[in-house]
Structure formats: C-alpha cells, structure tokens
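Take a look at the structure set out below.
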Amino acid sequence: MAEQQPEQPKIIIDSDWKAQAQAEKERLKQAEQQKQPGPGEPGEEDPNRPIDFDDIVRMLASQALMYLGAIPDPESGRAILAPEMAKAHIDMLGVLEAKTKGNLSEREDKTLRSILNELRMQFAEISKAIEKAIAEGKIKPSDIAGPRGAGPMPGGPSPMGG
C-alpha cells in the first residue's frame, strides 16, 4: 500500500492579491524616493552634479557669514569682521531674489528668502554691536575691515591674508 503524503498547502494567487502586492511595491518605492534628498537638500552630495541655484545662494551666504565673523577664514582659522563686505554679499543675494522673482521653485524661493532674512538680522545685530564697541572705546573704526580689507578684526587677520 502506498503511503499518503500529507497534503501540501496550496497558494492561491488571485487578482486582488496581485493588486495589493503591486500597491505595496509602489508605496515602498515612493517612501524610498521621499527619503532621498532632492537637489539642494541636505544629504550626500554627488560631487559630479551640475552647479545649481542653491549652490550660488549657499556660496554668497557663506561669504557673508565669513565677513560677519561667523565662519573662520579657511586659511588662518581666525574670524574676519568686515561688515561692508558682508553687506555686499547680502545685497548680491537681494539682487538675485529680485531678478529671479517668479522663476524659482517654491522650495528655492523659500530657502532664498529665509537665508536673506537671517543674514539681514545678523548683519543688523553685528552692526549695532560694532557701533556700541566703538562708542565705548573698546575698538577703533580702523580695527574693522572695510570694503578692501582696510583693517583686521581685533585679534584676527587682515582679510587680505596679513
């Protein structure tokens, strides 16, 4: 007599199961795409990607911050305080904002506006602090670097590398 094998479970695949599997696959794909940073968003950057609008904004903003003393000079590691140079970079961002009005994505526009707002506030605060320090005799106007690097920040290098 032949031994009976236990009955193997049967897998029934119907169109509902296929539709659910496909829908789940799409959800996973969308979730993965949302995790990956888009252009100009923080995350791993491709060094071979083309320069875009956000790169220009970041470059001008970082220059403004450097001249406001917030980012150390890459060569010396010391702060530079040159408010007129910072103002020039902030003004360039303002021109960029005016000239690109209506031509930016919502994200680009929001980023540019928030960076400009933050830089303008920092510039105003630092300018007031400089005026106060000059009035109190803590620093001399010649201690502040002008448009051509007229002088170094006290304890800092000349913007011209001196």
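Classify the range 45-96 as rounded, prolate or oblate, taking a ≥ b ≥ c as the square roots of the eigenvalues of its Cα gyration tensor: rounded when a/c is under 1.5, otherwise prolate if a/b is larger than b/c and oblate if not.
oblate
With a cap of 11 neighbouring Cβ atoms within 10 Å, and only residues DSSP puts in a loop, list the GluC sites (Glu not before Pro) found in the range 79-109.
Here no GluC sites (Glu not before Pro) fit, given the DSSP loop and packing criteria.
I need the shape label for the range 55-143. Rule: rounded when a/c is under 1.5, else prolate if a/b > b/c, else oblate, with a, b, c from the alpha carbon gyration tensor.
prolate
List the relative contact order of the range 55-143 as a percent without decimals, with contacts defined as Cα pairs under 8 Å and 6+ residues apart.
About 25 percent, as a whole number.
Computed from the coordinates by the stated procedures, all read-outs in this text should not be read as laboratory data. Because the structure is a prediction, the values reported are computed rather than measured. Positions of Cβ are generated from backbone atoms using ideal geometry, with glycine treated the same way; all protein chains shown enter the neighbour counts.
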